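To start, the structure under review is shown below, and the notes come after it.
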Amino acid sequence: MEAALYRQCRVNVVLELIASRSPDISEVEIGIYYHLHKDQFNRPELREACHILISINPDYPKHPRNCILKDAGNQCKTAKETYKFADMALKHSECPTALQGGVLGLVPRASFIQNWMPYFLV
(Lines give C-alpha, C1' and ligand atoms only; values in the text may rest on other atoms or scores of the structure.)
Protein backbone atom coordinates (compact mmCIF):
# COMPACT_ATOMS: atom_id res chain seq x y z
CA MET A 1 0.00 0.00 0.00
CA GLU A 2 2.82 2.35 0.93
CA ALA A 3 4.60 1.69 -2.38
CA ALA A 4 1.40 2.32 -4.35
CA LEU A 5 0.78 5.64 -2.55
CA TYR A 6 4.41 6.68 -3.12
CA ARG A 7 4.13 5.88 -6.83
CA GLN A 8 0.82 7.76 -7.14
CA CYS A 9 2.34 10.83 -5.42
CA ARG A 10 5.25 10.78 -7.89
CA VAL A 11 2.86 10.54 -10.83
CA ASN A 12 0.84 13.48 -9.48
CA VAL A 13 4.00 15.62 -9.13
CA VAL A 14 5.04 14.85 -12.72
CA LEU A 15 1.56 15.68 -14.05
CA GLU A 16 1.50 18.98 -12.12
CA LEU A 17 4.95 19.86 -13.48
CA ILE A 18 3.82 19.19 -17.06
CA ALA A 19 0.59 21.15 -16.54
CA SER A 20 2.45 24.14 -15.09
CA ARG A 21 4.46 24.44 -18.33
CA SER A 22 1.41 24.58 -20.58
CA PRO A 23 0.33 28.01 -21.83
CA ASP A 24 -2.84 29.64 -20.53
CA ILE A 25 -5.69 29.49 -23.03
CA SER A 26 -8.49 32.06 -23.03
CA GLU A 27 -12.19 31.35 -23.47
CA VAL A 28 -12.06 33.18 -26.82
CA GLU A 29 -9.33 30.86 -28.12
CA ILE A 30 -11.33 27.85 -26.99
CA GLY A 31 -14.42 29.17 -28.81
CA ILE A 32 -12.46 29.84 -32.00
CA TYR A 33 -10.93 26.37 -31.96
CA TYR A 34 -14.33 24.79 -31.38
CA HIS A 35 -15.98 26.65 -34.27
CA LEU A 36 -13.12 25.78 -36.64
CA HIS A 37 -13.18 22.08 -35.68
CA LYS A 38 -16.84 21.30 -34.95
CA ASP A 39 -16.66 17.95 -36.73
CA GLN A 40 -14.18 16.69 -34.10
CA PHE A 41 -16.72 17.31 -31.35
CA ASN A 42 -19.77 15.83 -33.05
CA ARG A 43 -20.24 12.31 -31.73
CA PRO A 44 -23.52 10.63 -32.56
CA GLU A 45 -25.44 8.81 -29.89
CA LEU A 46 -24.61 5.11 -29.97
CA ARG A 47 -27.09 2.31 -29.43
CA GLU A 48 -26.44 -1.39 -29.01
CA ALA A 49 -28.20 -3.27 -31.77
CA CYS A 50 -29.37 -6.87 -31.40
CA HIS A 51 -31.37 -9.01 -33.77
CA ILE A 52 -32.93 -12.37 -34.39
CA LEU A 53 -32.52 -13.45 -38.00
CA ILE A 54 -35.17 -15.76 -39.41
CA SER A 55 -35.16 -16.35 -43.15
CA ILE A 56 -38.36 -16.56 -45.14
CA ASN A 57 -38.37 -19.80 -47.12
CA PRO A 58 -41.64 -20.97 -48.69
CA ASP A 59 -40.20 -24.47 -49.22
CA TYR A 60 -39.69 -25.03 -45.50
CA PRO A 61 -43.00 -25.57 -43.61
CA LYS A 62 -42.09 -23.38 -40.61
CA HIS A 63 -40.75 -20.51 -42.70
CA PRO A 64 -43.51 -19.12 -44.96
CA ARG A 65 -43.94 -15.34 -44.69
CA ASN A 66 -47.21 -15.35 -42.72
CA CYS A 67 -45.86 -17.79 -40.08
CA ILE A 68 -42.64 -15.79 -39.69
CA LEU A 69 -44.49 -12.49 -39.18
CA LYS A 70 -46.92 -14.05 -36.70
CA ASP A 71 -44.08 -15.74 -34.80
CA ALA A 72 -42.01 -12.53 -34.81
CA GLY A 73 -44.91 -10.62 -33.25
CA ASN A 74 -45.19 -13.19 -30.47
CA GLN A 75 -41.44 -13.12 -29.89
CA CYS A 76 -41.42 -9.31 -29.63
CA LYS A 77 -43.97 -9.49 -26.82
CA THR A 78 -41.84 -11.90 -24.78
CA ALA A 79 -38.45 -10.28 -25.54
CA LYS A 80 -38.97 -7.11 -23.51
CA GLU A 81 -36.10 -7.88 -21.13
CA THR A 82 -32.52 -8.22 -22.41
CA TYR A 83 -31.84 -11.60 -20.83
CA LYS A 84 -34.92 -13.07 -22.49
CA PHE A 85 -33.89 -11.60 -25.83
CA ALA A 86 -30.48 -13.29 -25.66
CA ASP A 87 -32.11 -16.62 -24.89
CA MET A 88 -34.57 -16.19 -27.74
CA ALA A 89 -31.77 -15.25 -30.17
CA LEU A 90 -29.87 -18.37 -29.22
CA LYS A 91 -33.00 -20.49 -29.71
CA HIS A 92 -34.50 -18.94 -32.87
CA SER A 93 -31.88 -16.94 -34.80
CA GLU A 94 -30.19 -18.32 -37.90
CA CYS A 95 -27.33 -15.81 -37.64
CA PRO A 96 -23.94 -16.65 -36.07
CA THR A 97 -24.47 -13.71 -33.69
CA ALA A 98 -27.04 -15.88 -31.90
CA LEU A 99 -24.15 -17.29 -29.87
CA GLN A 100 -23.60 -13.78 -28.46
CA GLY A 101 -27.30 -13.19 -27.79
CA GLY A 102 -27.90 -11.61 -31.21
CA VAL A 103 -25.67 -8.62 -30.42
CA LEU A 104 -24.55 -6.75 -33.54
CA GLY A 105 -22.59 -4.08 -31.67
CA LEU A 106 -22.79 -0.33 -31.26
CA VAL A 107 -24.26 1.71 -34.11
CA PRO A 108 -24.98 5.44 -34.38
CA ARG A 109 -28.63 6.10 -33.59
CA ALA A 110 -29.43 7.92 -36.84
CA SER A 111 -27.65 5.23 -38.84
CA PHE A 112 -29.72 2.55 -37.15
CA ILE A 113 -32.99 4.27 -37.91
CA GLN A 114 -32.14 5.07 -41.55
CA ASN A 115 -30.39 1.84 -42.50
CA TRP A 116 -32.01 -0.91 -40.43
CA MET A 117 -35.60 0.07 -39.75
CA PRO A 118 -36.81 -0.65 -43.33
CA TYR A 119 -35.87 -4.29 -42.79
CA PHE A 120 -38.13 -4.51 -39.75
CA LEU A 121 -41.06 -3.22 -41.78
CA VAL A 122 -40.86 -5.89 -44.52
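The values are calculated or read from the model by the stated rules, or taken from the named source; none is laboratory data. Everything quoted here is computed from the prediction, not taken from an experiment. As a convention, Cβ positions derive from the backbone with ideal geometry for all residues, glycine included, and neighbour counts pool all protein chains shown. These accessible areas exclude ligands, DNA and RNA; they are computed on the full protein's heavy atoms, side chains included. Shrake-Rupley method; radii C 1.70, N 1.55, O 1.52, S 1.80 Å.
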Quick check: residue separation of Glu27 and Asn12 times 0.36 nm, minus the Cα distance between them. What number comes out in nm? 2.8 nm
Just reorder Cys9, Cys50 by solvent-accessible area, largest first, 1.4 Å probe, all chains present. Cys9, Cys50
Need the C-alpha centroid separation for segment 18-35 versus segment 82-102, integer Å. 49 Å
Net charge of neighbours whose Cβ lies under 12 Å from the Cβ of Ala98, counting Lys and Arg as +1 and Asp and Glu as -1: -1
Whole-Hz couplings from phi, Karplus 6.51/-1.76/1.60, listed for segment 41-55; x for Gly and Pro: 9, 8, 10, x, 5, 9, 10, 8, 9, 10, 8, 10, 9, 10, 7
Whenever you get a sec, line up Ile54, Ile25, Ile32 from highest to lowest accessible area (probe 1.4 Å, protein heavy atoms). Ile25, Ile32, Ile54
If amide H atoms are modeled at 1.01 Å from N in the peptide plane, then the residues at a separation of 5 or more from Arg47, or on another chain, having amide H under 5 Å from its own are Val107, Arg109
With θ set to phi - 60°, apply the Karplus curve 6.51 cos²θ - 1.76 cosθ + 1.60 along segment 11-19 and write out the HN-Hα couplings as whole Hz, x wherever there is a Gly or Pro. 4, 4, 5, 5, 5, 5, 5, 5, 5
Under 14 Å, Cβ to Cβ, from Val107 - net charge with Lys/Arg +1 and Asp/Glu -1: +1
